Structure formats: C-alpha cells, structure tokens
Amino acid sequence: MRTQIVAHRGDRKNAPENTLIAYRQALAFDELDILEIDVHLTKDRQLVVIHDEKIDRTTNKHGYVHEYTLAQLQAMDAGSWFDTQYANQHIPSLEEVLALLREHNFKKTLLIEVKTDHIEYPDIEAYLLKRMQQEQPEYQVIYQSFNLNTLIKLYQLDHTLILNALVFYPNIKVLKLYRKGIIKAINPDNRWFINRLFWYKKASVSPWTVNTEAAMRTIFKAQLGRIITDDVALAIKLRKEI
Ligand code: G3P
Ligand code: CA
C-alpha cells in the first residue's frame, strides 16, 4: 500500500504556514495526496485559517483570533515572521482556501483540523459543515480534532463524515470511538508512535508531524496509511526510494 503524504499547514518547510503561498507551493507537488489546514472562528464569526488560537507567533500583532474581525486579521502581516519576502502574506479565510482549491481543480483530499482544543468556538462544527455542504467539493474532506467533543458533534450532525482523532497517544475514550466506527483513524504524535509501530495493526493511523528521514523511512516501510509532514519534498523523494 502506498503511504499517503499530508502537507501539514501547507508547504510549511518553505513558506509561512497556513498562508496561501504555503498552500500554492504544496499544491505544486503533483505527488501530494492531502492538504491540511487549521480552522478557527473570528470575532465576526468567519472561518479563518491559522494554527494557533493566538496571533502572536505568526503575525505582527498580539491577542486571540476571536478578539479580531476577519478584516482586522487580514490586515496583519502573516509572513514576515518566517521571512521578510513573505510580508505580503495574510491570514486566509476558509473562503480563500476553498477558492484556491477550486482554482487548482483540486481532486485530492482536504484535511480540516477544527481547532477547539484550547478555545471553545460556539457552533463552529455546524457552521463549518454548513459551509462545506454548500461547497459540495469534488475532493474528499476529512475532519480532525484533538477535541473529542468536537468530533462527536460533527458525527451527530452528519454520520457520514470521515472523522479522525488527533492524540498525543491513544487513550481508552478514543479507542472506543474508533471501535464504534465514529472515528475512522487515530492520528498520534509520531514521537510516541515511532517506537510502537505494532500498534498500527490495531487502528488506522496518521502520525504527525514526521520530519526526519529516519522516521519517514520507518513509516513508509511499515506501509502506514498516511504520514503528516512539514517536509513534503523529502517525503515524496523517500517514498519513491522505498
Ligand atoms: O495534522 C496533525 C497536526 O496538524 C496536529 O498538530 O498542532 O500541528 O495542528 P498541530
Ligand atoms: Ca493541524
């Protein structure tokens, strides 16, 4: 089985994560299988794509995403922290990412992480699903979250969704959801997982975030379903060699 490669926050190694340039660069890899994005809600209840619940690390401003409107967030510089050549990059709305995928005639898989692990965004699950139902994408969509309540809410809204639980290491609650078929894969921290490869036989897994050559080789040899990485180019190169 060919292990699928997931571009974590876009082409994160070479561009500021979760920006349109990072996604464009990831989409330029023909052999990429899955694009990953992280979503939050703004003060004016717009779905926005950024990793942290705070803007401090990846913009030139401070505070929580939910304290700002989409327009305010989009006026910030979301690229200079990575390299000054990306000063023109902004925090993308989900709308912009969906438009980019349409523009690219994307037919692969979009992995949407609902970022409710530190902040509660009321009804983000229903809001996100409504938007994706309107979109009716031709590509597959997988939803993942560290927050099991979010996954259960998504399941209650639509039993047909493909849901993945993000974990540092698996626990009983997550395994129960997996056995019941509510979640289709368990995505563990590769630092826990890499020495416990026997475990993959018990569950469908997508370890994150796998960036070393040694870990990639191990996972490709084990023929795991997916690998989530910041270094898409390296993953593609090594997959061909194994
Ligand atoms: O896709 C897995 C990975 O994104 C989970 O961790 O913190 O990078 O969102 P994080
Ligand atoms: Ca993520």
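The values are calculated or read from the model by the stated rules, or taken from the named source; none is laboratory data. All values derive from a computational prediction rather than experimental measurement. Cβ sites come from the backbone with ideal geometry, for glycine too, and all protein chains shown count toward neighbours.
Given (1) aliphatic (A, V, I, L, M); (2) within 28 Å of Phe29 (Cβ to Cβ); (3) free of Cβ contacts under 8 Å to residues at least 40 places away in the same chain; (4) not in a loop (DSSP other than H, G, I, E, B), where does Ile152 come up short, assuming only one miss?
(2)
Looking at the range 92-118 only, could you name the residues that are surrounded by fewer than 17 Cβ atoms within 10 Å (Cβ to Cβ) and more than 17 Å from Leu35 (Cβ to Cβ)?
Those that are surrounded by fewer than 17 Cβ atoms within 10 Å (Cβ to Cβ) and more than 17 Å from Leu35 (Cβ to Cβ): Asp117, His118.
Can you name every residue in the range 96-126 that is in contact with a Ser or Thr (Cβ under 8 Å, 6 or more places away or on another chain), of a type outside the set (Ser, Thr, Tyr) and either within 16 Å of ligand 1 (Cβ to nearest atom) or at positive phi (or both)?
Of the residues in the range 96-126, the ones in contact with a Ser or Thr (Cβ under 8 Å, 6 or more places away or on another chain) are 113-117, 124-125.
Remaining after also requiring of a type outside the set (Ser, Thr, Tyr): 113-115, 117, 124-125.
Result: Glu113, Val114, Lys115, Asp117, Ile124.
His66 is checked against (1) in contact with a strand residue (DSSP E or B) (Cβ under 9 Å, 6 or more places away or on another chain); (2) surrounded by 21 or more Cβ atoms within 10 Å (Cβ to Cβ) and fails just one. What number does that condition carry?
Just one mismatch for His66, condition (2).
Search the range 229-239 for residues being hydrophobic (A, V, I, L, M, F, W, C) and touching a helix residue (DSSP H, G or I) at 6+ places or on another chain (Cβ under 8 Å), and hand back the single one that is surrounded by the most Cβ atoms within 10 Å (Cβ to Cβ). Quick ask: steps written out before the conclusion?
Of all residues in the range 229-239, those hydrophobic (A, V, I, L, M, F, W, C) come to 232-236, 238.
Now drop any that are not touching a helix residue (DSSP H, G or I) at 6+ places or on another chain (Cβ under 8 Å), which leaves 232, 234-235, 238.
Values: Val232: 25, Leu234: 17, Ala235: 28, Leu238: 20.
So, considering only residues that are hydrophobic (A, V, I, L, M, F, W, C) and touching a helix residue (DSSP H, G or I) at 6+ places or on another chain (Cβ under 8 Å), the one surrounded by the most Cβ atoms within 10 Å (Cβ to Cβ) is Ala235.
With (1) assigned to a loop (DSSP other than H, G, I, E, B); (2) free of Cβ contacts under 8 Å to residues at least 12 places away in the same chain as the list, and Lys130 as the residue in question, which single condition is left unmet?
Lys130 satisfies all of (1) assigned to a loop (DSSP other than H, G, I, E, B); (2) free of Cβ contacts under 8 Å to residues at least 12 places away in the same chain except (1).
Taking the conditions exactly as written (modelled with pLDDT of 95 or more, within 16 Å of ligand 2 (Cβ to nearest atom) and either in a helix (DSSP H, G or I) or within 23 Å of Leu94 (Cα to Cα) (or both)), does Ala165 satisfy them or not? Please lay out each step first, then the result.
Working: modelled with pLDDT of 95 or more: yes; within 16 Å of ligand 2 (Cβ to nearest atom): yes; either in a helix (DSSP H, G or I) or within 23 Å of Leu94 (Cα to Cα) (or both): yes.
Spelling it out, Ala165 is indeed modelled with pLDDT of 95 or more, within 16 Å of ligand 2 (Cβ to nearest atom) and either in a helix (DSSP H, G or I) or within 23 Å of Leu94 (Cα to Cα) (or both).
List every residue pair whose Cβ atoms sit under 9 Å apart, with the two residues 6 or more apart in sequence or on different chains, where the first one lies in the range 176-194 and is closer than 16 Å to Trp208 by Cβ and the second, anywhere, is among the β-branched types (Val, Ile, Thr) and assigned to a helix (DSSP H, G or I).
Ile183/Val174; Ile186/Val174; Asn190/Ile219; Phe193/Ile219; Ile194/Thr218; Ile194/Ile219
Hey, among the residues in the range 27-63 that are touching a strand residue (DSSP E or B) at 6+ places or on another chain (Cβ under 8 Å) and free of Cβ contacts under 8 Å to residues at least 12 places away in the same chain, which one's nearest to ligand 2 (Cβ to nearest atom)?
Lys54
Name the residue that is surrounded by the fewest Cβ atoms within 10 Å (Cβ to Cβ), counting only residues in the range 8-53 that are more than 11 Å from ligand 1 (Cβ to nearest atom), part of a loop (DSSP other than H, G, I, E, B) and of a type in the set (A, V, I, L, M, F, W, C).
Looking at the filtered set, the residue picked out is Ala28.
Sort through Gln74, Gln85, Gln89 and tell me the only one that's on the phi < 0 side of the Ramachandran plot, free of Cβ contacts under 8 Å to residues at least 24 places away in the same chain and surrounded by 17 or more Cβ atoms within 10 Å (Cβ to Cβ).
Numbers: Gln85 fails: surrounded by 17 or more Cβ atoms within 10 Å (Cβ to Cβ); Gln89 fails: free of Cβ contacts under 8 Å to residues at least 24 places away in the same chain.
Exactly one residue qualifies, and that residue is Gln74.
For Asp56, all conditions in the list (1) surrounded by 16 or more Cβ atoms within 10 Å (Cβ to Cβ); (2) part of a loop (DSSP other than H, G, I, E, B) hold save one; what is the number of the exception?
So the condition that Asp56 fails would be (1).
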